Amino acid sequence: MPNLDRPRILTGDQPTGRLHIGHWVGSLENRIRLQDDHDCYFLIANLHAFTTRAEQPGAIRRDTLDIIKDWLAAGIDPERATLVLQSAIPAIAELTWFLAMLLPVNRVLRNPTLRAELDAKDLGDTHSFGFPLYTVGQCADILAFRAQLVPVGADQAAHVEMCREVARRFDHLYCGVPPTTADADYERAGGVFPIPEAMIGRVSRLVGIDGVRKMSKSMDNAIYLSDTTAQIRDKLARLHTGRQAITDPGDVSNPLFQYVRAFLPDPDRIRSLEDRYARGDSIGDGTIKAEVAAAIDAVVAPMRERRAEYDGPRGDAQILELLAAHSAHANAVANRTVDLARAAMHLELRA
Ligand code: TRP
């Protein structure tokens, strides 16, 4: 059962397909750790997927189930954390409407993460009305659970910043919280919403195995949490460093060394490899790749075992049952928040 006395966190993923090791170092490992002493809500943003894939509802459903399997495999513990299926929580949609009135449209459109996505997807001015709205929806995801902490990758910091702004504005306007209040004191000062803080993962942008672009499914350059030992080894073997001989001084800012620093567990070993590589002290890329592959495999090996539980013919049904049970608790929490918000906005039906 969730422990309601603990500080609350909420974070989530869009159902874009399987998770990779960039997600792990960017946010997932933080989530697993935070389960020990926080009341955790992990949200699957299936409605956000409709912003760009409205004509593919079946694929969104498939990706949603797959990502939850990845979460459970990665160590998200459904006995402690609450899984939130966004579409099952009407309060989030209602809150999105409330918050949308408190954000100037130009503020939303200036959001740098939104701009970057429009550019990356080459959406120009052809995107749906709902596309920029998703950023407001993301504020509602966080605030519906009155989360204090939001563990995300660096690319999501702009959304959390917008969420902080709109939470302050709501609390000033409708709850009488003085604008001079310190962020940490908004709830104590009578605000419905705390001012949430982003917690950024230790590696903000893991390079893909093409050695050039950020690791992502759409770039086909990812090592997946569900990859086999052999797949991990083969993907790393293909990584190109451009180095000719083991006695050439190597560049420790190259993609291979980004993996060394992200995945080798021992800081002394990392320093010694960096030192030898930089000096061209007879250490080959192949040796280092094998060591990195083993370290990544050590992270994902326990995931393989846990995933086996959900890979059978009843896997999807198991996940759906879990989601239904968790939605009941998630709705209780989010409905209570919206009740408070409605009362603050003088929308209650009592005379
Ligand atoms: N936009 C996030 C992403 O693409 C997913 C997300 C949706 C999220 N709602 C959230 C993350 C709330 C943190 C908090 O990764």
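The values are calculated or read from the model by the stated rules, or taken from the named source; none is laboratory data. Predicted model, so just to flag it, every value in this text is computed and none were measured. Here the Cβ positions follow ideal geometry from the backbone for every residue, glycine too, while neighbour counts run over all protein chains shown. These accessible areas exclude ligands, DNA and RNA; they are computed on the full protein's heavy atoms, side chains included. Shrake-Rupley method; radii C 1.70, N 1.55, O 1.52, S 1.80 Å.
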- Task: Calculate I(q)/I(0) for the range 174-259 by the Debye formula, one identical point scatterer on each C-alpha and no solvent, and give its log10 at q = 0.19, 0.22 Å⁻¹ to two decimals.
- Result: -0.89, -1.09
- Please sort through the DSSP H helices of the chain and keep those with an alpha-carbon extent of at least 30 Å along the long axis and a Kyte-Doolittle average not below -0.5. 285-308, 315-344
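Tell me, what are the semi-axes, in whole angstrom and largest first, of the equivalent ellipsoid of the chain as set by the roots of 5 times the Cα gyration tensor eigenvalues?
39, 22, 20
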- Task: Run the dipole for the range 7-135 about the Cα centre, Lys and Arg Cβ at +1, Asp and Glu Cβ at -1, nothing else charged, and hand back the magnitude in debye, nearest 20.
- Result: 180 debye
- Cα coordinate range in the range 26-101, projected on the principal axes (Å, largest first): 35, 31, 23
- GNM of the chain, Cα pairs under 10 angstrom: of PRO194, PRO104, PRO112, the biggest fluctuation goes to PRO104
- Proximal charge balance of ASP36 [Cβ under 15 Å; K/R count +1, D/E count -1]: -1
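I'd like the antiparallel share, as a percent to the nearest 5, of DSSP beta bridges with both residues in the chain.
Details: 2 of 17 bridges.
Bridges in the chain are about 10 percent antiparallel.
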- What figure in square angstrom, to the nearest 10, would you give for the accessible area of MET101 with a 1.4 Å probe? 120 Å²
- Net charge near GLN148 (other residues with Cβ under 11 Å of its Cβ; Lys, Arg +1; Asp, Glu -1) is -1
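Once you list every other residue whose beta carbon is under 14 Å from the beta carbon of ASN3, what net charge do they have if Lys and Arg are +1 and Asp and Glu are -1?
Details: positive: ARG6, ARG8, ARG80; negative: ASP5, ASP36, ASP37, ASP39, ASP77, GLU79.
Neighbour charge sum, excluding ASN3 itself: -3.
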- Query: So what does ARG202 come to for accessible area, using a 1.4 Å probe and Å² rounded to 10?
  - Reply: 130 Å²
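At 25 °C and 0.890 mPa s, grab the translational diffusion coefficient of the range 229-308 from Stokes-Einstein with a Kirkwood Rh over Cα pairs, rounded to a whole number in µm² per second. Working shown, then result.
On the way: Rh = 13.1 Å.
It diffuses with D of about 187 µm²/s by this estimate.
Could you order peptides 147-154, 307-314, 71-78, 260-267 by the average number of other Cβ atoms within 10 Å of their residues, highest first? Write out the running numbers ahead of the final one.
Working: 147-154: 22.0, 307-314: 12.0, 71-78: 18.8, 260-267: 15.9.
Output ranking for 147-154, 307-314, 71-78, 260-267: 147-154, 71-78, 260-267, 307-314.
Please state the shape class of the range 1-40: rounded when a/c is under 1.5, otherwise prolate if a/b exceeds b/c and oblate if not, all from the C-alpha gyration tensor. Please report the intermediate quantities before stating the final value.
Values: a/c = 3.20, a/b = 2.03, b/c = 1.58.
Prolate, since a/c reaches 1.5 and a/b exceeds b/c.
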- Message: At a threshold of 8 angstrom on Cα-Cα distance, excluding pairs fewer than six apart, so keeping six or more, what relative contact order does the chain reach in percent?
- Response: 22 percent
